[in-house]
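In what follows, a single structure is set out as structure tokens and then discussed.
Read-outs throughout are calculated quantities, based only on the coordinates presented, and are distinct from any laboratory measurement. The shown structure was predicted, so the numbers you read here are calculated from the model rather than taken from an experiment. Counting neighbours? That spans all protein chains shown, and the Cβs are built from the backbone with ideal geometry, glycine included.
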Amino acid sequence: MKYTVIGNTNVKISQIGLGTWQFGSKGWGYGTDFTRKDAISIVHKALELGINVIDTAEAYGRGKSEEIIGEAIKGYDRERIIITTKFLPIAIRPSSVVKALNKSLKRLQTDYIDIYLIHWPAPWLIGRVLNHMERMVDEGLIRFIGISNFNLGRLRKAQKKMYRHRIQVNQVNYSLARNQVENDLLPYTQREKITVMAYSPLGQGWLTGKYTAGNTPGGTRRRNRLFRSKNFKRGEQLLSLVKEIAEDHQVTMAQVALNWVIRNSSVIAIPGVKNLAQLEGNIGSADFELANDEIDRIKKTLKEFHPRLLM
Ligand SMILES: NC(=O)c1ccc[n+]([C@@H]2O[C@H](COP(=O)([O-])OP(=O)(O)OC[C@H]3O[C@@H](n4cnc5c(N)ncnc54)[C@H](OP(=O)(O)O)[C@@H]3O)[C@@H](O)[C@H]2O)c1
């Protein structure tokens, strides 16, 4: 496992984390493909294998994901686990973040959150929500403040709203299949010492090679336009290059995809998993290095890859 630090702190964080939108979410096959017991073993195995960051949100499985994590980490040394959870700013009142935090703490059975994120930008609320979050840091209820799905412009605006603390994390959609952040957000966050948490780092499975235009996943991923046939066509070159590189290194396509995002030490990836084999595979993605010519070939191929996506 490779480790880096959170933002401008000296708190150590694993570059592969555990994403848990899957836990408690029927749209991801919870209850059919895997159970609560499986989810708990995934958390235990992740911690055992060196992952120290678990990402969840109040919205995942309507709180079930947080509940499962709360149950799973009982008996573990809390100080060695970095819990990231998120507040969904759908309510009109900025103070709803306070209620949301209390509910998350209860479900997670903990008295503090390590990294608390605003799940989506809600420009009319952000300043006041961030100020509530600063107070939460002062009160010891959260350690670090983060945001999610903020583009560069919104991140800069949010930074200007901070008085006593800083934004340490921005969680965004980043993978070989969606790499726009490499052009603007990443150079900035790297300079500013803000950690980028790459969500959907496997393109929700699109980059693993197991899906094709004729074999797409259902559930939540029906909304993901990457899985449209035309995007598989547009991505043919990219997917075959990832496959070729994976074969040369004797690793999987998923491992190449994750290795790509964590090459940058200011980025951590938080792939979601549904079983132990996927988890162990993802952890292995930090164990090899892409050669310079492979990086160049990927960059060249990415320039030619233009999937049609909504966001
Ligand atoms: N902040 C936000 O707005 C936001 C949005 C989305 C996600 N997230 C967070 O980011 C995490 C990850 O994103 P994501 O779940 O959307 O996408 P992802 O990590 O790119 O893909 C996860 C899916 O890929 C498949 N998979 C995982 N590891 C694999 C492996 N080694 N080999 C083959 N298939 C593998 C599994 O599904 P199958 O086996 O069914 O294919 C898994 O459910 C989430 O769990 C959540 O914590 C945050």
By how many degrees, 0 to 90 and rounded to 10, does the Cα axis of helix 292-303 deviate from the longest principal axis of the chain?
80
Sorted by chain and then number, the residues having a modelled amide H within less than 5 Å of the amide H of F144, at least 5 places away or on another chain, are I115, Y116
Enter the angle in degrees (range 0 to 90, nearest 10) between the Cα long axis of helix 126-138 and the first principal axis of the Cα atoms of the chain, meaning the one along which they spread out most.
70
Provide the gained length on full extension for the span K243 to S41, in nm with one decimal, where the gain is 0.36 nm per separating residue minus the Cα-Cα distance.
69.7 nm
Could you derive backbone 3J(HN,Hα) for the range 201-213 from the dihedral phi with the Karplus parameters 6.51, -1.76 and 1.60 (θ = phi - 60°), listing whole Hz in sequence and x where the residue is Gly or Pro?
x, 9, x, 6, x, 4, 8, 8, x, 8, 10, 9, 4
Amide H of T195 versus every other amide H placed in the peptide plane: which residues, excluding those fewer than 5 positions away on the same chain, fall under 5 Å?
G7, V169, N170
In sequence order, calculated HN-Hα J values of the range 274-288 (Karplus, 6.51, -1.76, 1.60; Hz; x Gly/Pro)
10, 7, 5, 5, 4, 4, 5, x, 5, 5, x, 6, 8, 8, 9
Taking the range 140-199, which chymotrypsin sites (Phe, Trp or Tyr not before Pro) meet the DSSP loop condition and have no more than 13 other C-beta atoms within 10 Å?
Y163
Could you give the spread of the C-alpha atoms of the chain along their three principal axes, from largest to smallest, in whole angstroms?
51, 42, 34
Dipole check, the range 151-298, charges on Cβ (K,R +1; D,E -1), about Cα centroid: among V267, I283, I295 the Cα furthest to the positive pole belongs to V267
With every atom except the alpha carbons ignored, what do you get for Rg and Dmax of the range 73-141, in angstroms?
12.5, 41
Karplus-derived 3J(HN,Hα) from phi for the range 175-184 (6.51 cos²θ - 1.76 cosθ + 1.60, θ = phi - 60°), whole Hz, x at Gly and Pro, runs 6, 4, 7, 9, 10, 3, 4, 5, 7, 10
At a Förster radius of 22 Å, what calculated FRET efficiency corresponds to the Cβ-Cβ distance of T212 and R308, to the nearest 0.05?
0.80
Given Cβ point charges of +1 (Lys, Arg) and -1 (Asp, Glu) and nothing else, what value in debye, to the nearest 20, does the dipole of the range 172-311 about its Cα centre take?
960
By how many degrees, between 0 and 90 and to the nearest 10, does the Cα long axis of helix 36-48 differ from the longest principal axis of the chain?
90
